[in-house]
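Pasting a structure here, questions to come.
The values are calculated or read from the model by the stated rules, or taken from the named source; none is laboratory data. Since the model is a prediction, treat every value here as computed from it, not as a measurement. Ideal geometry is used to build each Cβ from the backbone, glycine not excepted, and the neighbour counts take in all protein chains shown. Each accessible area value is taken on the protein alone, full model and side chains, heavy atoms only, with ligands, DNA and RNA left out. Shrake-Rupley method; radii C 1.70, N 1.55, O 1.52, S 1.80 Å.
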Amino acid sequence: MRVAAAILMCIACNAVTWGAPWLPPVRDGAWLQNGITQQQRWNAHETLSDKELNDATLVTSYICGVVDLEKELVRRAALLSEALRGAKKKEARRSAHLEGMTQAVPILVPLIESDFIKDGPSCDRAVVIVQDYLVKYPEMLDKDADAIVEKALLATYSRSSEE
């Protein structure tokens, strides 16, 4: 009888755990900043705990992943833009549609109108870009990490920021 009660208690505890909603980890500017700090400590040959080393690795990998995704999006947008330019020459009657698509490309992939396509950063450079951006704009610390990385790249590679 006691064994059956213990089993029922275990089942009840597991049911409560299974029913609890999964909360995704927070990936914001503070998370980025912490991971970058841990990465700098690691590069300075400081001893880190497993959690700190994991944070450093996750943030660096995350930033590199976002940059790689942006590079691919920009590459595809550039191919689409080139195809649209070629299509305009061939078929004038659909020019309104083609013009709309041409105007949509920089809205969907804003880095297409920057120097990012030819000067895309290495992974290490991207981490420094994000770190500098967070230092310059501390109000971004509560924003989503992916938006911060994209905004940091835009701020760095925007042609208008050089003028």
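Where the second residue is modelled with pLDDT under 95 and open to solvent by less than 20 Å² (accessible area, probe 1.4 Å) and the first is farther than 14 Å from GLN40 by Cβ and of a type in the set (Gly, Ala, Ser) and lies in segment 120-144, which pairs have Cβ atoms under 6 Å and are six or more apart or on separate chains?
Pairs found: ALA126/ILE63; ALA126/VAL67.
Among the helices (runs of 4 or more DSSP H) lying completely within segment 65-163, list those that include at least 2 residues that are touching a helix residue (DSSP H, G or I) at 6+ places or on another chain (Cβ under 7 Å), at pLDDT 90 or above and buried (at least 19 other Cβ atoms within 10 Å of the Cβ).
Values: elements: 95-108, 116-119, 123-136, 145-157, 159-162.
Of the helices (runs of 4 or more DSSP H) lying wholly inside segment 65-163, those with at least 2 residues that are touching a helix residue (DSSP H, G or I) at 6+ places or on another chain (Cβ under 7 Å), at pLDDT 90 or above and buried (at least 19 other Cβ atoms within 10 Å of the Cβ) span 123-136, 145-157.
Moving on. Quick check on segment 1-39: of everything there that is modelled with pLDDT of 65 or more and open to solvent by 80 Å² or more (accessible area, probe 1.4 Å), which residue is nearest to PRO138 (Cα to Cα)? Steps first, answer last, please.
Step one: of segment 1-39, the residues modelled with pLDDT of 65 or more are 7, 9, 11, 25-39.
Applying the additional criterion that residues be open to solvent by 80 Å² or more (accessible area, probe 1.4 Å) yields 7, 9, 11, 26-27.
Details: ILE7: 52, MET9: 48, ILE11: 47, VAL26: 17, ARG27: 15 Å.
Within segment 1-39, the match that is nearest to PRO138 (Cα to Cα) is ARG27.
Mind listing whichever residues of segment 42-61 are assigned to a helix (DSSP H, G or I) and open to solvent by 60 Å² or more (accessible area, probe 1.4 Å)? Let's see the steps before the verdict.
Here is the first cut: in segment 42-61, the residues assigned to a helix (DSSP H, G or I) are 42-43, 50-61.
Result: TRP42, ASN43, ASP50, LYS51, ASN54, THR57, LEU58, SER61.
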